[in-house]
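The values are calculated or read from the model by the stated rules, or taken from the named source; none is laboratory data. All of these numbers come straight from a predicted model, not from anything done at the bench. Note that each Cβ is placed from the backbone with ideal geometry, even for glycine, and that neighbours are counted across all protein chains shown.
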Amino acid sequence: MDWLKQAQERQQEMIADLQTLVRINSVLDESTATEEVPFGEGPLKALNWMLQQGTEQEMHVVNMANKVGYIEMGQGEEMVGMLCHVDVVPAGSDWVHEPFGAEIEDGKLFGRGAIDDKGPTMAAWLAMKMVKASGIKLTRRVRLIVGSDEETGFRCVKHYMAHEEVPTLGFAPDADFPIINAEKGIAETTYRQLDVADHDEQLRSFHAGHRINMVPDFATAIVKNVPEEITAQFKAYLAVETLTGEITNDGANTFTLTIKGVSAHAMEPNNGVNAAVKLASFLATCLETATSKQFVDFIVTGFGTETRGHALGLAYRDEMSGETTLNAGVVEYEAGRIGEVRVSMRYAVSYDFDTFIAQGQRALINTGFELVIDDNSEPHYVAPEEELIQKLSAVYERNTGEKAELLAIGGGTYARELPNGVAFGMLFPGEPDIAHQHDEYVIIENLVKAAAIYADAIVELATTNA
Ligand SMILES: [Zn+2]
């Protein structure tokens, strides 16, 4: 079957559908959310539009509580799942193109959701229609699972997994080609200072970061009862470290210090410059009162020289997924009230989480801090010898002529919700990732290529040799 030729012949149909879908503003909207409409009107409209396509194709369609739905075809005990989503992140600013206009220019379709994940969803959907039209006999059912809350907590697919049939195997076209088969575990943790009593503390406040999964690019602190020389010392520090920052004398021997860092995603903190760490490193040289010093010293010891968790008893690496990474993403201190560092920890697939956390607790003895686990999303891994990986590799290689490298990442993709599932496209190797940015686009030629790959994958996965 020449899937590419068929996909090319149906390109107009796919693009027209994608334009319709992109023009539905499906950002989570709490203002119109009710029990009936859990994520607001936009996401529901997009979900219903998608499910309507399945009804028109006379496939089996189910809407589950207006959170998630599926379109199914074929027969068989077992089922192949394709996990997509039709909600999008807010447009944000700086767009040249209309964010919900679905304009086409230079072979690209622009709009929020074009690559994340409406374009890939339409490629998977065209693939399903092409396989149906081909009349090829399948021995497993094929189900397109359509979520409407991927961007804000996975409440859609979590609802699905709690109430519906788990696919025998499947993929999510919501990340990169070739195949992401290893995703690190992601824990959200808090290092909390045990005694925050205000013994006329020099450090009055310290704040950095808004999101645990980003390296903070800004930090600010207020200190009092410090020598006048702090101004000169801070300026010298900034010069040596080639950092930007400011210090102002607020009178009454009180100073406000700010420092700029460089933001990056928590999956690789070394790509950024942590402003909180930089500011704490300076303050550690001039603060003397007990809880103030303990607070900044902890940041310096834990995160000052490396991001791999060595000082905190959490370092570990394995071949298939790499090292532990720690991102001190949100730092808060208010004299007499709170001292805490919130950390996004990414850990390897074979890491024994409970054992290491126990070790991490022991590493805190005498630091004046405790470790609290706020959330833990387990690692995700599908072994290379599994049927899923073998088949998707073969499909990718014969359609692209390129080797199907298996990728391991520190980020979490939608695929981690599928027990026997991987992320499979549709960004091709080397393509810039413009998801969540202004002027998000999808390259139409790649959309067609992806539809062909997905059609081939559906047939391969939904055919058992038995
Ligand atoms: Zn997505």
Practice prompt. Name, by its number, the condition in (1) outside the structural domain of D94 (by TED's automatic domain parsing); (2) part of a loop (DSSP other than H, G, I, E, B); (3) surrounded by fewer than 18 Cβ atoms within 10 Å (Cβ to Cβ) that does not hold for A358.
Written response: (2)
Item to complete: Check whether at least one residue in region 374-382 is touching a residue at least 40 places away in the same chain (Cβ under 8 Å) and within 30 Å of F110 (Cβ to Cβ), and report yes or no.
Response: no
Practice prompt. Pull up region 66-125, narrow it to residues that are over 27 Å from D456 (Cα atoms) and among the basic types (K, R), then point me to the one that is farthest from the ligand (Cβ to nearest atom).
Written response: K67
Discussion item. Just to verify a result, which residue in region 209-235, among those that are among the polar types (S, T, N, Q) and either under 36 Å from the mean Cα position of the chain (by Cα) or assigned to a loop (DSSP other than H, G, I, E, B) (or both), is farthest from F255 (Cα to Cα)?
Written reply: N213
Item to complete: Tell me which of these N213 doesn't satisfy, since it passes every other one: (1) farther than 26 Å from N446 by Cα; (2) in contact with a helix residue (DSSP H, G or I) (Cβ under 9 Å, 6 or more places away or on another chain); (3) within 16 Å of the ligand (Cβ to nearest atom).
Response: (2)
Practice prompt. Kindly indicate the residue of region 135-150 that is in contact with a helix residue (DSSP H, G or I) (Cβ under 8 Å, 6 or more places away or on another chain) and not aliphatic (A, V, I, L, M) and also farthest from the ligand (Cβ to nearest atom) among those meeting that condition.
Written response: R140
Discussion item. Against the conditions (1) outside any strand (DSSP E or B); (2) within 16 Å of the ligand (Cβ to nearest atom); (3) within 17 Å of the chain's Cα centre (by Cα), where does F171 fall short? Just the number, please.
Written reply: (1)
Worksheet, complete the sentence: Checked T301, T305 against criteria (out of contact with any strand residue (DSSP E or B) (no Cβ under 8 Å at 6 or more places or on another chain), surrounded by fewer than 24 Cβ atoms within 10 Å (Cβ to Cβ), part of a loop (DSSP other than H, G, I, E, B) and of a type outside the set (K, R)); the one match is T305
Discussion item. Within region 405-466, considering only strands (runs of 3 or more DSSP E) that don't extend past its boundaries, which have at least 2 residues that are surrounded by fewer than 20 Cβ atoms within 10 Å (Cβ to Cβ)?
Written reply: 406-409
